[in-house]
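**Student:** Dumping the structure here so I can ask a few things about it.
The values are calculated or read from the model by the stated rules, or taken from the named source; none is laboratory data. Predicted model, so just to flag it, every value in this text is computed and none were measured. We place every Cβ from the backbone using ideal geometry, glycine too, and count neighbours over all the protein chains shown.
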Amino acid sequence: MRLVVTGRAGQVTRALQAAAGHGVVVIPAGRPEIDLLHPDGVDVALAALSPDVVVNAAAFTAVDLAETEREAAFAINGAGAGAVARAAARLAVPVIHLSTDYVFDGTNPVPYVETDAVAPANVYGQSKLAGERAVAAATDNHAILRTSWVYAAAGKNFVATMLRLAETRDEVGVVSDQQGAPTYAPDIADAVIAVARNLVADPHEPRLRGIFHMTGAGATTWAGFAEAIFARAGARRLPRARVRPILTADYPTPARRPANSRLDCGRLTSTHGVTLPDWRDALDRCMDAIAAQRAADEDKKT
Ligand SMILES: NC(=O)c1ccc[n+]([C@@H]2O[C@H](COP(=O)([O-])OP(=O)(O)OC[C@H]3O[C@@H](n4cnc5c(N)ncnc54)[C@H](OP(=O)(O)O)[C@@H]3O)[C@@H](O)[C@H]2O)c1
């Protein structure tokens, strides 16, 4: 099965590359050949790679920057996603599109299900919602996977930020009134591959298509996530700090964030047979990977 994935060095693209094997070939398709800001050549470029499944993991992911770079966010996350899905439709192959919890405003008191009303609270969420709609309009042969709080051992993410801050501070203030589920990119990769296999195996089953929620199991707050990171840091000789819980109101950002980002992932389990591991177990694996990478880097220096 040839999975062609948009984006080159993104967290999910890299995780998919690492998960390849056992009959799965992962082919990254990114800039300059595929630039979602200028999606004119996307169909020709994707066709040349002969995919069995197209995965759209490329996105404008800088949530705060999107507030001022609205046009680029909509071009990449909205129109760009549509162009990728149309290209997949022309090739008569399924498209798996990554989306986000930020399509919701976060006022729900319980985890969101796929049929809950969307109401993004920021430009990034609006642009990702435009992408979901463009993908669905392009082809029925799609799985839109909404995920949240994505992190990996490398790349720009919350774990990397916490470890960097702990190098120079004893204490970090972290918001404690936003809930969600951290999701480890390698677990996303395994889930995407499982969904891709199901779509290829059963090309006409509507139940396998549509929108699915896909996050790490369990939930926490950003402060809880930070505490869990530092609780695992010491034993792995990684930097650690105390966590000072703060309120969203005390940490103003250009983009508003949902208070409740929790997604109910039951549909993914019942239709695709896919359940992501508990976020705490995933964090163990990520911290091990970071510690191993740092030890290898140290070895190279000496
Ligand atoms: N990060 C999160 O917390 C989070 C949460 C919920 C949902 N998601 C969704 O999950 C998916 C994967 O996220 P991620 O964390 O892997 O993202 P990421 O690490 O920020 O990587 C973004 C990817 O998008 C590519 N990209 C950006 N602009 C592009 C353009 N104009 N043309 C082509 N490619 C472009 C980048 O390409 P280069 O490799 O060339 O830089 C990179 O590969 C995205 O759809 C995102 O919206 C992410």
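Every residue, every condition in (1) under 22 Å from Thr168 (Cα atoms); (2) modelled with pLDDT of 95 or more; (3) within 21 Å of the chain's Cα centre (by Cα); (4) crowded, with 16+ Cβ neighbours inside 10 Å, yes or no:
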| position | (1), (2), (3), (4) |
| --- | --- |
| Thr215 | no, yes, yes, yes |
| Thr220 | no, yes, yes, yes |
| Ala223 | yes, yes, yes, yes |
| Ala226 | yes, yes, yes, yes |
| Arg232 | yes, yes, no, yes |
| Arg240 | yes, yes, no, yes |
| Asp250 | yes, no, no, no |
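**Student:** Kindly indicate which of Val53, Val42, Val84 is away from the ligand (no atom under 12 Å from the Cβ), under 19 Å from Thr13 (Cβ atoms) and in contact (Cβ under 8 Å) with a residue 40 or more places away in the chain.
**Tutor:** Within the list Val53, Val42, Val84, the selection yields Val53.
**Student:** Something else: Can you confirm whether Gly10 is more than 22 Å from Ala137 (Cβ to Cβ) and either touching a residue at least 24 places away in the same chain (Cβ under 8 Å) or within 13 Å of the ligand (Cβ to nearest atom) (or both)?
**Tutor:** yes
Let's see how each residue does on (1) within 15 Å of the ligand (Cβ to nearest atom); (2) among the basic types (Lys, Arg):
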residue	(1), (2)
Val123	yes, no
Thr139	no, no
Ala143	yes, no
Arg209	no, yes
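**Student:** Among the residues of region 89-109, is there at least one that is touching a Ser or Thr at 6+ places or on another chain (Cβ under 7 Å) and more than 15 Å from the ligand (Cβ to nearest atom)?
**Tutor:** Looking through region 89-109, at least one residue is touching a Ser or Thr at 6+ places or on another chain (Cβ under 7 Å) and more than 15 Å from the ligand (Cβ to nearest atom).
**Student:** Looking at Asp64, Asp101, which one is farther than 23 Å from Glu205 by Cα, of a type in the set (Asp, Glu), surrounded by 24 or more Cβ atoms within 10 Å (Cβ to Cβ) and in contact (Cβ under 8 Å) with a residue 24 or more places away in the chain?
**Tutor:** Selected residue: Asp101, the only one of Asp64, Asp101 that is farther than 23 Å from Glu205 by Cα, of a type in the set (Asp, Glu), surrounded by 24 or more Cβ atoms within 10 Å (Cβ to Cβ) and in contact (Cβ under 8 Å) with a residue 24 or more places away in the chain.
**Student:** I need the full set of residues from region 210-241 which are among the hydrophobic types (A, V, I, L, M, F, W, C) and in a helix (DSSP H, G or I), in order please.
**Tutor:** Within region 210-241, Trp222, Ala223, Phe225, Ala226, Ala228, Ile229, Phe230, Ala231, Ala233, Ala235 qualify.
**Student:** Go through the residues of region 60-67 one by one and say whether even a single one is closer than 25 Å to Leu3 by Cα, in a helix (DSSP H, G or I) and charged (D, E, K, R).
**Tutor:** Within region 60-67 (the criterion being closer than 25 Å to Leu3 by Cα, in a helix (DSSP H, G or I) and charged (D, E, K, R)), the answer is no, since none of the residues qualifies.
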